[in-house]
Amino acid sequence: MQDYTETDGRFHYYAQMHGWFDLMNEATRCMDLNSSENRDRLSAYDLRTALYRFCRILGVTPGYLLPNGTILYDGRNIDMSNTNLIKSELRNGTFAQWMSVFFHEDPTRDFIEEYSYERELENWVLAMGKIDNQQQYYRRYAKASEDTKARVSFVRKQWRKAQANEKIWKYVFYAVSAAWVILLLLFGLTGRSYLFGHKLLAIVLPLGGMSGIIAAVHSYFKGYGTTISTFFGALGVASAYLTAVILSLVQDHAPQMLNIAAVVITLVYMLVCHFTAFKHDHTSDSSSIKDLLDTDDVKSSLLEPLYYTFKTKSQRFKSSKFGLLDEISDQVHSLSGESVVHYVLWSVLMLLLVLEFCLFSSKILDFQLPAI
C-alpha cells in the first residue's frame, strides 16, 4: 500500500520516469479517499478496495491467496470447497474488498445504465451473504429489505382482509334480501289486518328505525357532522312512512298486487344500498392503494436499504415508504370499516323483515312438507 498510495512511493517514481501520467492520475483518483467521488460513493470504499481496483486498471486481475495456498481469481464464481477459510478471510482479511472489484468496483464497466452500479453493489452484498450470513453489510441490508417487505406485506394483508370482509357482508346482505323476496313470492304477506292495523309497530318501527340509522351513519362517515347526520336520519325514518302509505294504498285499491309491490319496494331498497355503498365513493382511492402496494420502487427496495447499510450507524431502518404505508393502513381501515358497517346495517334491516315475517306469518307456521 505504501508503494502505491504515497506520492513519493515506488509506483509514482517509476510512472514519472516512463511518462505514465494517465496512470498516475488514475492512481490518485483511486487512492484519494477524501475526494467527493470516493467520499460520497454508496459503498464501503477504503484503501484496500482502491488498491484492488487499481490493479484491474493496470490490466491485472488480482488473485486472492488463502492461508492454505489456494489462489482465487474470480470473485463472482468462488470455489466453496474452502468455505471455512473463505469465511475467516471475509471476517478478518480483505476478501470483501477483493470481491468488490468483480462487482460494483469493476473499472472495466461503465455503469451507464441507471442504477446498474447500485444493482452490482447489491449483488456484492448478497454474494457475501451466501458465504457468511452474519457478515455485517449483509445483515444490515437484509434487515432493511426484510423490514420493507414485511411492512408492505402487512398492509397488503390488511387490504385483502378488508376487501374480503366487505365481500362477505355484501353477500350476507344479498342473501338475506333474497330470502326475504323468496318468502314474499312463496307465501306472500299474511296477517294483513294486523299489519295495516299496527303500521307504526309493524312497518315504520323496524323499517324506519334501521333506515334512519343507516342514513345517519352514512352521512356521519361522509363528514357531515352530528346535526346534519341526525337530519338525514330523520329523513330515513320518514321514508318508512312513505313505504307504509304506498303499501296501504295498494292494499286498499289492489290487494292482489300487495306482494308484488312489497317485492318492488325491496328491490328499490337493494338498489339504494348498492349505489350508496362507500366503495363507489372511493374507487380511485382503492385503485391507488392497490397500485402503491403492488409497486416495487427502486428507492425503497434498493437505494434506501443500501444507504442504511453503508451510510448510517442506526440500528433501526426507517424507509420513506413507511409513512406512506401508515397512511395506506389508516385509509384501508377507514374504507373497509365504512363499507362493512354499511352492509352490516342493511343486512340487519333485511333480517328484521325476515324475522317479522316469520313471527306474524301463519302460513310459515302451518307450512308442512308433502309426505313422501
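Summary of values
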| quantity | calculated |
| --- | --- |
| Candidate set from the range 8-43 (those that are among the small types (Gly, Ala, Ser) and exposed (fewer than 11 other Cβ atoms within 10 Å of the Cβ)); member that is nearest to Leu58 (Cα to Cα) | Gly19 |
| Selected residue (only one of Tyr73, Tyr137 is over 30 Å from Phe21 (Cα atoms), modelled with pLDDT of 90 or more and touching a Ser or Thr at 6+ places or on another chain (Cβ under 7 Å)) | Tyr137 |
| Where Ile71 falls short, out of the listed (1) touching a Gly at 6+ places or on another chain (Cβ under 6 Å); (2) surrounded by 13 or more Cβ atoms within 10 Å (Cβ to Cβ) | (2) |
| Unmet criterion (only one of (1) under 17 Å from Glu356 (Cβ atoms); (2) surrounded by fewer than 20 Cβ atoms within 10 Å (Cβ to Cβ)) for Phe221 | (1) |
| So Gly59, is it more than 17 Å from Trp124 (Cβ to Cβ) and without any contact (Cβ under 8 Å) to a residue 12 or more places away in the chain | yes |
| Elements of type helices (runs of 4 or more DSSP H) in the range 78-187, at least 1 residues being surrounded by fewer than 15 Cβ atoms within 10 Å (Cβ to Cβ) | 83-92, 116-131, 136-187 |
| Counted residues, the range 86-115 - those being among the polar types (S, T, N, Q) and more than 20 Å from Arg29 (Cβ to Cβ) | 3 |
| Whichever residue in the range 1-48 is outside any helix (DSSP H, G or I), among the aliphatic types (A, V, I, L, M) and at pLDDT 85 or above and, among such residues, is farthest from the chain's Cα centre (by Cα) | Leu33 |
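The values are calculated or read from the model by the stated rules, or taken from the named source; none is laboratory data. Keep in mind that this is a model prediction, so the values were computed, not measured. Counting neighbours? That spans all protein chains shown, and the Cβs are built from the backbone with ideal geometry, glycine included.
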